[in-house]
Amino acid sequence: MPAAPPPVLAPRRKTRQLQVGRVGVGSDHQVSVQTMTTTKTHDIGATLQQIAELTAAGCDIVRVACPTDKDAEALKVIAQQSTIPVIADIHFQPKYVFAAIEAGCGAVRVNPGNIRKFDDQVKEIAQAASDHGTSIRIGVNAGSLHPDLLKKYGKATPEALVESAVWEASLFEEHGFRDFKISVKHNDPVIMARAYELLAEQGDWPLHLGVTEAGPAFQGTIKSASAFGYLLGKGIGDTIRVSLSAPPVEEVKVGLQILQSLNLRERRLDIVSCPSCGRAQVDVYSLAEEVTEGLKDLTVPLRVAVMGCVVNGPGEAREADLGVASGNGKGQIFIKGEVVKTVPEDEIVETLLFEARRIAAESGLEESSEGTDSENPVQGSPVVTIS
């Protein structure tokens, strides 16, 4: 019998479907992870190199800035050679929207509040996008709302963000164009989450989640995880971008971990570790860090438990695929619930790394998990539990 799918907090909200290049977006597809390059887009070599690094980290879709003519001219080469679909990020100049569509980008992100006379050109943009099979993201941002909405609401409230998004959506739909998703970003996770809740009630558009300007890595991770966990836990959200003042690879790692934690992506290396306490008889912090570092490249499903005391240790280790219950200068090694050996404390890490890689090799999934299609992930990734 095939294994039952892991439980989720709520079913996905039903949405229309669209394509961003080869990646499907909407409730029939898994939630995709996006980020944005930090290179100058017209530096084609540097941009493609960063995209390759992001792809290796697990990114599904990448966005590139397009503020100048040189950037627009580079889009065709980047879109053709990128290993994942490219979204062109357009502000202020409508001509770059058409340039991105002509270049073959998988999608174009437009910020209506920043594009002069944008509404007057929706018909032409919709026609060009339809002709080329290009989808659109209507990206409403708290920092660039139309002055009329700021005057009406006093500030960037959830209602103001949603009104802007729904208005722009209606313009595209008026011209028969439906291949778009929407984002309503704010730097406050509570305002952002409420805006998405309101937006989800008003239409079946796929939604791209983001807490904009979330901050440095630690703060931004907490903000994004809080907001995304709340919304995804209610089935709201079809693509995500974790916005950090950190390298974009870190954004991808955080985004994937959020999805894995909610069982919206297959878990890979899942380290579960206790916070340690006075009962611990080993240095749990060091064990956790060394095991995590040693298995960071593992790509198959595995749960490893690294336990530091006799209270929860044996039970957690027994429940994991691979585990250790430590104490009195030694560790009992568990595989699939059975004790297979006892090793000295200074051999625990080495033994766990060896056994983890042996289990991965015997699973037959280690090689096949590389380059997995984002719509059909391999099931059953490694989970490590450390307590």
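The values are calculated or read from the model by the stated rules, or taken from the named source; none is laboratory data. Since the structure is predicted, the reported quantities are computational estimates derived from the model, not experimental observations. Neighbour counts are summed over all protein chains in view; Cβ atoms, including those assigned to glycine, are modelled from backbone coordinates with ideal geometry. The area values use the complete protein model at the heavy-atom level, side chains included, leaving out ligands, DNA and RNA. Shrake-Rupley method; radii C 1.70, N 1.55, O 1.52, S 1.80 Å.
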The stretch 1-94 - Rg over Rh from alpha carbon coordinates, Kirkwood radius: 1.09
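Restricting the count to DSSP beta bridges whose residues both fall in the chain, what percent are antiparallel, rounded to a multiple of 5? Numbers along the way, then the final one.
Details: 15 of 53 bridges.
If I count the DSSP bridges inside the chain, around 30 percent turn out antiparallel.
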As a test question: what accessible area, to the nearest 10 Å², does C277 have when a 1.4 Å probe is rolled over all protein chains in place? 60
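May I ask you to list the trypsin sites (Lys or Arg not before Pro) in the stretch 5-39 that are in a DSSP loop and have at most 13 other Cβ atoms within 10 Å of their Cβ?
Numbers: sites: R12, R13, K14, R16, R22; in loops: R12, R13, K14, R16, R22.
When the trypsin sites (Lys or Arg not before Pro) of the stretch 5-39 are filtered for loop state and at most 13 Cβ neighbours within 10 Å, K14, R22 remain.
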What's the extension gain from N263 to S226 if we count 0.36 nm per residue and subtract their Cα-Cα distance? 11.7 nm
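If R0 is 45 Å, what FRET efficiency do you get for D131 and K296 from their C-beta distance, rounded to 0.05? Spell out each step's value before the answer.
Values: r = 44 Å, r/R0 = 0.99.
E between D131 and K296, to the nearest 0.05, is 0.50.
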Average projection area in nm² (convex hull over Cα atoms of the stretch 160-228, one quarter of hull surface): 4.6
Order V249, V108, most accessible first, counting only protein heavy atoms with a 1.4 angstrom probe. V249, V108
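Using a Förster distance of 56 Å, how high is the FRET efficiency between E362 and E173, based on the Cβ-Cβ distance and rounded to 0.05? Don't jump to the answer; show the numbers that get you there.
On the way: r = 53 Å, r/R0 = 0.94.
So the FRET efficiency works out to roughly 0.60.
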Under unit Cβ charges (Lys, Arg +1; Asp, Glu -1), what dipole magnitude, rounded to 20 debye, does the chain have relative to its Cα centre? 860
Solvent-accessible surface ranking, highest first, for K223, K152 at 1.4 angstrom: K152, K223
In whole percent, the Cα-Cα distances of the stretch 219-265 spread across 5 Å bins from 0 upward as 5, 24, 36, 23, 9, 2
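First select every other residue whose beta carbon is under 13 angstrom from the beta carbon of K152; then total the charges, Lys and Arg +1, Asp and Glu -1.
Values: positive: K151, K155; negative: D148, E159, E163.
Spelling it out: positives minus negatives among the neighbours equals -1.
Tell me the net charge near V8. Cut-off is 14 Å between Cβ atoms, V8 excluded, with +1 for each Lys or Arg and -1 for each Asp or Glu. Working shown, then result.
Numbers: positive: R12, R13, K234, R265, R267; negative: E266.
For residues surrounding V8, the net value is +4.
In Å², and per residue, what accessible area does the stretch 180-320 have when probed at 1.4 Å with the other protein chains present?
Accessible area per residue: 40 Å².
If you stretched the chain out fully between T68 and A56, how much longer would it get, using 0.36 nm times the residue separation minus the C-alpha to C-alpha distance? Provide the component values of the computation, followed by the final result.
Details: separation 12, 0.36 × 12 = 4.32 nm, distance 2.83 nm.
Value of the extension gain: 1.5 nm.
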Most to least accessible of D89, D283 (protein chains only, probe 1.4 Å): D283, D89
When the chain is treated as a Gaussian network with springs between alpha carbons less than 10 Å apart, the largest mean-square fluctuation among S27, S144, S82 is found at S144
D238 accessible area, assembled protein chains, probe 1.4 Å, Å²: 0
The chain: relative contact order from alpha carbon pairs under 8 Å, six or more residues apart, as a whole percent, is 14
Of the candidate values [x] 26.7, 95; [y] 22.4, 69; [z] 23.2, 74, the one computed for Rg and Dmax of the Cα atoms in Å from this structure is [z]
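Using the scaling law 2.2 N^0.38 Å as the reference, what is the normalised Cα Rg of the stretch 236-296? If you can, show how the numbers build up before the last one.
Values: Rg = 14.8 Å, N = 61, 2.2 N^0.38 = 10.5 Å.
Dividing the Cα Rg of the stretch 236-296 by 2.2 N^0.38 Å gives 1.41.
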For the stretch 275-327 and the stretch 180-247, what is the separation of their C-alpha centers, rounded to whole Å? 32
Give the percent of DSSP beta bridges with both residues in the stretch 235-357 that are antiparallel, rounded to the nearest 5. 65
Hits for the chain under the membrane-span-like helix rule (DSSP H, Cα axial span at least 27 Å, Kyte-Doolittle mean at least -0.5) are none
Heavy-atom accessible surface of the stretch 1-84: percent carbon and sulfur, 1.4 Å: 59
Residue list for the stretch 237-255, given a label point 7 angstrom along the Cα-to-Cβ vector of V8 and an amide N cut-off under 14 Å: 237-240
Which of the residue pairs K14/K181; K14/K234; K70/K185 have a Cα-Cα distance greater than 18 Å in the structure shown? K70/K185
